[in-house]
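A quick write-up on the structure given underneath.
None of the figures in this text is laboratory data; all of them are computed from the coordinates on show. Every value quoted in this text rests on a predicted model; they were computed, and no experiment measured them. Because the Cβ atoms are built from the backbone with ideal geometry, glycine has one as well, and the counts that use them run over all protein chains shown.
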Amino acid sequence: MAGSTGKTHDGMERRRVRQTVLAVLVVVAVGLLAGAGFGDGDMDASRWLFLAVGFVLLAAGVVAGHRWRNRRWAARFGMSPGRFSRVVRMVQRGVPPDDPAERAAAVDVAARMRRAQDSSSAGWAEWLIGGGALLWFVAAVFLAIDGRYGQASYNLVMTGLLLVSLLTIRRRRRRLDAAERALGIRTSA
């Protein structure tokens, strides 16, 4: 990549490692909360450790699969995985890449994103997410009334996550439309 230095690459690698470690810690925390919420009230250290190890292994598998897929797609376009990830982030933000060599990768990424969004564009996905958020919230209310505040707080967190997901769908569509127009894939809004 023109103009890249080893220092920039090292910074990107450090950021990627920090993101991976943070993601694993979040997954472990969610696993521990799930264990506390779904447990029978017996706080057993072996149960916490078992849940933590299970969620760390799950997170490691997801990260490894994501990196394998990124390397494979990057090799298809003859670029490094870091450069390919940068192209993906640019398309996600609605900005076309400046380098003409990255255009083919950006067009492919935009086409993949459009297929993924079109599979749920009939409106049923938004209704399912909203219905799921409503069910988590109702369950949280009943758990709070019953005095089980740990499980209620977990359900409220899940409600919040579903609502955030629901609110970002429209923004992702707008950004993808902007990226497609900038790449010349689609001319109408």
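Charging the Cβ of each Asp and Glu at -1 and of each Lys and Arg at +1, and nothing else, the dipole of segment 42-122 about its Cα centre rounds to 340 debye. For the pair R171 and L58 in one chain, pulling the backbone fully straight at 0.36 nm per residue adds 37.8 nm over the alpha carbon distance.
Residues whose amide H falls under 5 Å from that of I185, counting only those 5 or more places apart or on a different chain, are absent, with hydrogens built in the peptide plane.
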